[in-house]
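The structure appears right after this line, and notes come after that.
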Amino acid sequence: MPSLPVLRRLSVRPEGGFTLVEILVVTSIISVLASLTLVAISEVKQRANEAMARSQVAILGNGLELYRQDEAEFPGQDEPLPHTENRFPRLYDALLGTPRPSGPGSRSAPYIHLKEDYVAVYDRSSGEHRVAKRNEIHDPTTTKVLVNPWRNPYVYRVRDPRSATIYSIGRNETDDTVALHEDSDDIGNW
């Protein structure tokens, strides 16, 4: 009979612990779930950015149409620039600038109101656009643009006296509209 308690102790599993295999299985399941969640969050963020860009392009397009009705022309229409040149600083001044005669805006400016977080200036030292400081936003001598959710400047082009285009370079950060790419992710008022 003395051997019975020994057998019972050997067959009983220690209490309160997990095996290494159980820990590895749980860890791998959590890792897979986390990666799937991150992919889903990334997709939702991209769709939100695209919706924001569409909304801002529509707001800019409405402001441009109001300007055209007041002034009977598009901002920068008479400037001798190539049709591929981004004239957004001129559009910014026309829609958001101080009204004439004291500023570069039209007589009824501002036509739109956007968050100042999206106003940017070109930083020569870095070669990129950066968020404008408050004093730069209100300085009529500073060249300003609006940036999209991917922090790229919006593009404004006047094609002829009857048409102008406003668009956002998409998340691939390539101006597919000028390059005439068929798989363009640019978002515009066309």
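Every number here is computed from the coordinates shown, using simple stated rules; none is lab data. No experiment lies behind these values; they were computed from the predicted model shown. Methodologically, a virtual Cβ is constructed for each residue, glycine included, from the backbone with ideal geometry; neighbour enumeration extends over all protein chains shown.
Applying the Karplus relation 6.51 cos²θ - 1.76 cosθ + 1.60 with θ = phi - 60° to segment 149-155 yields 3J(HN,Hα) values of x, 8, 6, 9, x, 5, 10 Hz, where x marks Gly and Pro. Can you give the % of DSSP beta bridges in the chain that are antiparallel, to the nearest 5? Of those bridges, close to 95 percent are antiparallel. Here the Kirkwood formula, the inverse mean of 1/r across different C-alpha pairs, assigns the chain a hydrodynamic radius of 20.4 Å.
Backbone geometry of segment 110-116 corresponds, through the Karplus equation with coefficients 6.51, -1.76 and 1.60 at θ = phi - 60°, to 3J(HN,Hα) couplings of x, 8, 9, 10, 10, 4, 5 Hz, x marking Gly and Pro.
Under 5 Å between amide hydrogens, built in the peptide plane, is the criterion, and for R100 it picks out G105, S106, R107, A109 among residues at least 5 positions away or on other chains.
Residues whose amide H comes within less than 5 Å of that of N189, counting only those at least five positions distant or on another chain, are I166 (H built at 1.01 Å from N in the peptide plane). Within straight cross-link reach of K133, meaning Cα distance under 19 Å, which aspartates and glutamates are found once same-chain residues fewer than 8 apart are removed? Output for K133: D93, E116, D117, D123. Applied to segment 22-36, the Karplus parametrisation 6.51 cos²θ - 1.76 cosθ + 1.60 on θ = phi - 60° returns per-residue 3J(HN,Hα) values of 4, 5, 5, 5, 5, 4, 5, 5, 5, 5, 5, 4, 5, 5, 5 Hz, with x for Gly and Pro.
Counting beta carbons within 10 Å around each of L36, L114, L64, L95 and listing the fewest first gives the order L36, L114, L64, L95.
Between the exposed loop cleavage positions of the chain, defined as trypsin sites (Lys or Arg not before Pro) in a non-H, G, I, E, B DSSP state with at most 10 neighbouring beta-carbon atoms within 10 angstrom, the longest gap is 1-106. Rounded to the nearest 20 debye, the dipole magnitude of the chain is 880 debye, with +1 charges on Lys and Arg beta carbons, -1 on Asp and Glu beta carbons, and the Cα centre as origin.
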